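One structure is given here, and the rest of the page talks about it.
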Amino acid sequence: MTIEVRSYVGGEWIDGPEVPDVDPAHPSRVVAVARQASAPDVARAVEAARAAFPSWSALPAGERGRILTRAAEIIEARVEATALEFTREEGKTLAEARGEIRRAASIFRYYAGQTLEPDGEVYPSASPELLLIARREPIGVVGVITPWNFPIAIPAWKIAPALAYGNAVVWKPAEVVPLTSLRLVEALAEAGLPAGTLNMLIGKGSVLGGPLVGAGVDAVTFTGSNATGASIAQLAARSRVKAQLEMGGKNAVVVLADADVAFAADQVARGAFLSAGQKCTATSRVYVERGVYQRFVDELAALARKWRVGDPTDPATAIGPLVSEAQLGTVLERLRVARSEKASFVTGGTDRLAIDDGYYVAPTILTEVPRTSAVLREEVFGPVACVVPVDSLDEGIALANETDYGLSAALFSRDLRAALTFARRVRAGVVKINQETAGLEPHVPFGGMKASSAGGREQGKTARDFFTEWKTVYMAPV
Ligand code: NAD
């Protein structure tokens, strides 16, 4: 029987026109049917959240934490079933899907713990008898807009802190991952989240996303492309809505001649090719010191040829399909432009890989890429790495910084001085030494510099800054 995914408003599952949710490895297979919400549903969802907010925010913080802990337990108990649906819907391998679901559970646990952390500060006052405190209060109703590439972890790292700090949520997940989104909502509802505290709207960003920002929410947290982020920023400014935007990356790695080259190649392959390169923190530019350049390219190419591309439900598969036909078209077009600009293809090419009828692209290594080429400047969001020789650490850092983005960067070297210099001078929100650019821990701040982010960091204790606001209280005895 086909699974139907409906929007969730005020604790009710609501109907709408059908759109098939297809398997990117076998697009003729329908994984679920998504019933689309409409603009009036957006207003109803915000109303439901507004109505739920006073009692949710007034609940003892530990009680909110208890519900989040229970949600984490439910998510964990269902890892296998959810992972299979997730893989069929999004195309990530089963191992990656399982890892992401577990990570979502640990994010809920982490923020459950945060509910009992201090939520304010006491200040000395000019008047000795006065008690002067500042405390953090929830903002109110938060709009959450998320992409498809981490369909459960990103929603978790927005929804968990939003709820933990006492806010009500209206969530618009990406349209291509309704089923995984449904499973997250079910876990929270079953954990005892009161009706209206979390609402979910299934449907297109162009139909629901803009209206959500202008529908009377107090804040909006968004992850997605820079183009969408820019339009949300404008709408938010017009509606005087606090906005947090996490956007694209063009993440660079520098490999110095003293690095363990085989290890560096393995880490770069992981960063560039896993999840078919569809990570905001994916490695896309690699600057390698000349002395080890050719060896590095050979090692990376050997991995690109060895790693199995294919059905993501097969445990032997390392790289699954791209998420959709549209994404396949975008990636292949970027590769065609690179070829017309005379980039050299060490592996991969400009055609889709013929595996079943899925949206597959081979892991692609480009060299001889002109410095002005779009493939070196714009996000590809596919399994593509450009490798460029450099003469020094200084040149590597200068080129790593030669981008509008600033999300993640990595250095491979055994030289401590080089590591410290790189960590200080590279303009990225996340810096890794001898580790791939992707892969984050949930209890530390995450976000980018420059065009990658705006409105404050996510995750860890820093999430509190966005999901709460200060109230300063002067208490004088009469
Ligand atoms: P996208 O911008 O197309 O969509 C993201 C979300 O915005 C979806 O829910 C979509 O429906 C919605 N949306 C689309 N148009 C909208 C509009 N006009 N108004 C409001 N909402 C709208 O992005 P995507 O293709 O889903 O995701 C890929 C992008 O996300 C990449 O650029 C990637 O780098 C970025 N990303 C960033 C991070 C990060 O933390 N910095 C993490 C993951 C993904």
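Inside segment 126-154, residues that are buried (at least 16 other Cβ atoms within 10 Å of the Cβ) and hydrophobic (A, V, I, L, M, F, W, C) make up a count of 11. Residue selection: SER206 satisfies the criterion of being open to solvent by 10 Å² or more (accessible area, probe 1.4 Å), out of contact with any Cys (no Cβ under 6 Å at 6 or more places or on another chain) and of a type in the set (Ser, Thr, Tyr). The lone criterion from (1) farther than 21 Å from ALA71 by Cβ; (2) open to solvent by 60 Å² or more (accessible area, probe 1.4 Å) left unmet by THR87 is number (2).
When restricted to residues that are surrounded by fewer than 21 Cβ atoms within 10 Å (Cβ to Cβ) and not hydroxyl-bearing (Ser, Thr, Tyr), segment 97-109 contains 5. Of all residues in segment 288-302, those satisfying the criterion of being open to solvent by 10 Å² or more (accessible area, probe 1.4 Å) and touching a residue at least 60 places away in the same chain (Cβ under 8 Å) are GLU289, ARG290, TYR293.
Within segment 99-115, is there a residue that is within 19 Å of the chain's Cα centre (by Cα), more than 21 Å from GLU190 (Cα to Cα) and not polar (S, T, N, Q)? Within segment 99-115 (the criterion being within 19 Å of the chain's Cα centre (by Cα), more than 21 Å from GLU190 (Cα to Cα) and not polar (S, T, N, Q)), the answer is yes, since at least one residue qualifies. Selection over segment 330-358 of residues that are assigned to a loop (DSSP other than H, G, I, E, B) and more than 24 Å from the chain's Cα centre (by Cα) gives a count of 12.
Within segment 257-277, the set of residues being more than 16 Å from the ligand (Cβ to nearest atom), over 19 Å from GLU368 (Cα atoms) and touching an Asp or Glu at 6+ places or on another chain (Cβ under 7 Å) comprises ALA257, ASP258, VAL261, ALA262, GLN267, ARG270. Is it the case that some residue within segment 458-469 is of a type outside the set (A, V, I, L, M, F, W, C), assigned to a helix (DSSP H, G or I), out of contact with any Asp or Glu (no Cβ under 7 Å at 6 or more places or on another chain) and more than 29 Å from VAL241 (Cα to Cα)? No, every residue in segment 458-469 fails to be of a type outside the set (A, V, I, L, M, F, W, C), assigned to a helix (DSSP H, G or I), out of contact with any Asp or Glu (no Cβ under 7 Å at 6 or more places or on another chain) and more than 29 Å from VAL241 (Cα to Cα). Residues of segment 109-147 that are small (Gly, Ala, Ser), assigned to a strand (DSSP E or B) and more than 16 Å from the ligand (Cβ to nearest atom): GLY120, ALA134. Taking the numbered list (1) over 30 Å from GLU436 (Cβ atoms); (2) open to solvent by 10 Å² or more (accessible area, probe 1.4 Å); (3) part of a helix (DSSP H, G or I) in turn, ALA195 passes all entries but (3).
In summary, helices (runs of 4 or more DSSP H) completely within segment 359-455 and bearing 2 or more residues that are under 28 Å from PRO321 (Cβ atoms) occur at 374-377.
Considering every residue within segment 216-224, establish whether at least one is within 13 Å of the ligand (Cβ to nearest atom) and either within 28 Å of VAL268 (Cβ to Cβ) or modelled with pLDDT under 95 (or both). Taking every residue of segment 216-224 in turn, at least one turns out to be within 13 Å of the ligand (Cβ to nearest atom) and either within 28 Å of VAL268 (Cβ to Cβ) or modelled with pLDDT under 95 (or both). Going residue by residue through segment 202-214, is there one that turns out to be closer than 17 Å to PHE466 by Cβ, in a strand (DSSP E or B), near the ligand (Cβ under 10 Å from one of its atoms) and of a type outside the set (S, T, N, Q)? Checked segment 202-214: no residue is closer than 17 Å to PHE466 by Cβ, in a strand (DSSP E or B), near the ligand (Cβ under 10 Å from one of its atoms) and of a type outside the set (S, T, N, Q). Only one of the numbered conditions (1) of a type in the set (Asp, Glu); (2) surrounded by 17 or more Cβ atoms within 10 Å (Cβ to Cβ); (3) touching a strand residue (DSSP E or B) at 6+ places or on another chain (Cβ under 8 Å) is violated by ASP391, and that is (2).
When each of ARG240, ARG183 is tested for being basic (Lys, Arg), open to solvent by 40 Å² or more (accessible area, probe 1.4 Å) and closer than 18 Å to TRP157 by Cβ, the lone residue that passes is ARG183.
Of the residues making up segment 178-196, at least one is within 12 Å of the ligand (Cβ to nearest atom), under 24 Å from THR281 (Cα atoms) and of a type outside the set (A, V, I, L, M).
For segment 68-84, a tally of residues being under 30 Å from ARG135 (Cα atoms) and open to solvent by less than 10 Å² (accessible area, probe 1.4 Å) returns 3. Of the residues in segment 278-290, not one is more than 16 Å from the ligand (Cβ to nearest atom), closer than 18 Å to LEU353 by Cα and not charged (D, E, K, R). Scanning segment 327-360 for residues that are touching a residue at least 24 places away in the same chain (Cβ under 8 Å) and acidic (Asp, Glu) yields GLU341, ASP356, ASP357. Among the residues making up segment 429-438, those that are in contact with a helix residue (DSSP H, G or I) (Cβ under 8 Å, 6 or more places away or on another chain) and either without any contact (Cβ under 8 Å) to a residue 40 or more places away in the chain or away from the ligand (no atom under 11 Å from the Cβ) (or both) are GLY429, VAL431, ILE433, ASN434, GLN435, GLU436, THR437.
Scanning segment 447-478 for residues that are in contact (Cβ under 8 Å) with a residue 60 or more places away in the chain, within 13 Å of the ligand (Cβ to nearest atom) and in contact with a Lys or Arg (Cβ under 6 Å, 6 or more places away or on another chain) returns a single hit, GLY447.
The values are calculated or read from the model by the stated rules, or taken from the named source; none is laboratory data. Just so you know, these numbers come straight off a predicted model, no measurement behind them. Neighbour counts are summed over all protein chains in view; Cβ atoms, including those assigned to glycine, are modelled from backbone coordinates with ideal geometry. We work out accessible area using only protein heavy atoms, side chains counted, and drop any ligands, DNA or RNA first. Shrake-Rupley method; radii C 1.70, N 1.55, O 1.52, S 1.80 Å.
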